[in-house]
Amino acid sequence: MKSLKENLQKAHIVIIGSGIIGKFNALELSELGLQVTIIDPTEIQNSSYAALGLLMGNMYQKRKGRSWALRKQSIELWPQWITFLQKFNSELNIEKPLIQLTTNEEKFKKLEKFIYENNDQNLQILEKDSIFIKNINKAFQTQNIKGMISFKDGRINPFSLLQTLDKCLRHKKINFLEEEIVKIRKLNSQWISTTRNNENIKSDMVILCNSLKAVDLIDSIISPNITLKPVLGQAMEIDINEAEVNLLSLPKQFNINGINIIPKSKNKLIIGSTDEYSTNPEENTFEKLTNFLDKKPYWLMKGKISKKWYGIRSRPDGQPSPIMKNFTDGLIICTGFYKNGILLAPACSKWVANEIKNYLF
Ligand SMILES: Cc1cc2nc3c(=O)[nH]c(=O)nc-3n(C[C@H](O)[C@H](O)[C@H](O)COP(=O)(O)OP(=O)(O)OC[C@H]3O[C@@H](n4cnc5c(N)ncnc54)[C@H](O)[C@@H]3O)c2cc1C
């Protein structure tokens, strides 16, 4: 009988989709010594490139179930991945802390209860006299903002992360094919992935990380009972032309009433993201993204959009996100990430690696 090591080294795995999930899986599997090919016609428009990179793990208020388990594992794995990836980009880091704010008294009470019940030193209520709250109140001309700070959560720059992963995957000699897969099928003991140019790629296993299109590829071979809905998310960079406001006096990343805010310089900030159940961006992005307070501060009202972008995420209909399923015949689906793909990538690729080890042995 062949050893696990021999089986792993011989096996060829095809990963369809090269967003954050495809890339993380490729890296995790190459670390096991597997031969990996990752296939994607164009990654530049995927949702991973649109992400803001907030890692909201510890501040997640539900402390049981699969969603929490995946977050918990990802929080533990992220520091190890950062150390590993820093060999390829010494500047890659997670900027901490992360602040969640609300003007809604009921939501604040829930935050207080959550923090009281969890007794975690890394999660704290932000008192009215904290420097963060004072600076936010001053800049946003508010008095009723309250919230919590998570010292373990933060933000990774998604563009930098994706570029670093690419560098690492090239170093690991992972095959990359710039093609669209239009069909997959099983022939004898092998999987055949057919490209739009009619090229057939053989592999022992296929991992579907191609978001909305994943279901199209498996519909004809199994009845997956999975529906993925597109949820478009928009974000924008705004230039503030106001000498009195210094955005750098604000925390590095924070969320007010569900909207994420990332000051980039003294007079530039990123705001995101919308939730649009559609594939075409709505027109009124500025309004949607800046209406998170009863009264908009004057400088934000006068702000000018300098960049605007969007990404289409896939949200499972009728079941929790993400979809992680092993169809047992060498076919795995790991997609439907909706909001937290960047955060959850380490835990989900670990799950895929374990499934593969079990299948090949
Ligand atoms: C505006 C915005 C802000 C966000 N902010 C955050 C955040 O702060 N934190 C966070 O954790 N998450 C955030 N997200 C969510 C996060 O971006 C997604 O959960 C994550 O990117 C999903 O990654 P993915 O690899 O599954 O999908 P994608 O990045 O969409 O990649 C799927 C890939 O599959 C490829 N593909 C499709 N069909 C085929 C085919 N037939 N053959 C080959 N390839 C194919 C596509 O070209 C694409 O490159 C945000 C999303 C948006 C839109």
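Each reported figure results from applying straightforward, stated rules to the coordinates on display, with no laboratory input. On a predicted model such as this, the values are computed, not experimentally measured, just so you know. Ideal geometry is used to build each Cβ from the backbone, glycine not excepted, and the neighbour counts take in all protein chains shown.
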Item to complete: Give LYS134/LYS307; LYS62/LYS152; LYS183/LYS308 a once-over and call out the pairs whose C-alpha atoms are over 23 Å from each other.
Response: LYS134/LYS307; LYS183/LYS308
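Sorted from fewest to most neighbouring beta carbons within 10 Å, what does the list CYS168, CYS209 look like? Could the numbers behind the result be given before it?
Numbers: CYS168 19, CYS209 31.
Lowest count first: CYS168, CYS209.
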Worksheet entry | Cα long-axis angle, helix 20-31 against the chain (0 to 90 degrees, to the nearest 10) | 50
Worksheet item: Taking neighbour counts of Cβ atoms within 10 Å as a proxy for exposure, in what order, fewest first, do ILE332, ILE16 appear?
Response: ILE332, ILE16
Response to the item:
Note, the range 69-75: 3J(HN,Hα) by Karplus (6.51, -1.76, 1.60, θ = phi - 60°), whole Hz, Gly/Pro = x, goes 4, 5, 4, 4, 5, 5, 4
Worksheet entry | D (Stokes-Einstein, µm²/s), Kirkwood Cα radius, the chain, 0.692 mPa s at 37 °C | 151
Worksheet item: Measuring from centroid to centroid over Cα atoms, what is the spacing of the range 78-125 and the range 202-243 in Å?
Response: 26
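Can you put THR164, THR142, THR42 in order of Cβ neighbours within 10 angstrom, beginning with the fewest? The partial results should precede the final answer.
Values: THR164 22, THR142 17, THR42 9.
Fewest-to-most ranking of THR164, THR142, THR42: THR42, THR142, THR164.
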Response to the item:
At R0 = 25 Å the Cβ-Cβ FRET efficiency linking LYS128 and ASN93, nearest 0.05, sits at 0.25
Worksheet entry | Charge-dipole axis of the chain as Lys and Arg at +1 and Asp and Glu at -1 on Cβ define it, positive-most pick from ASN175, ILE271, ASN93 | ASN93
Item to complete: Just the number, please: percent antiparallel of the DSSP beta bridges in the chain, rounded to the nearest 5.
Response: 75
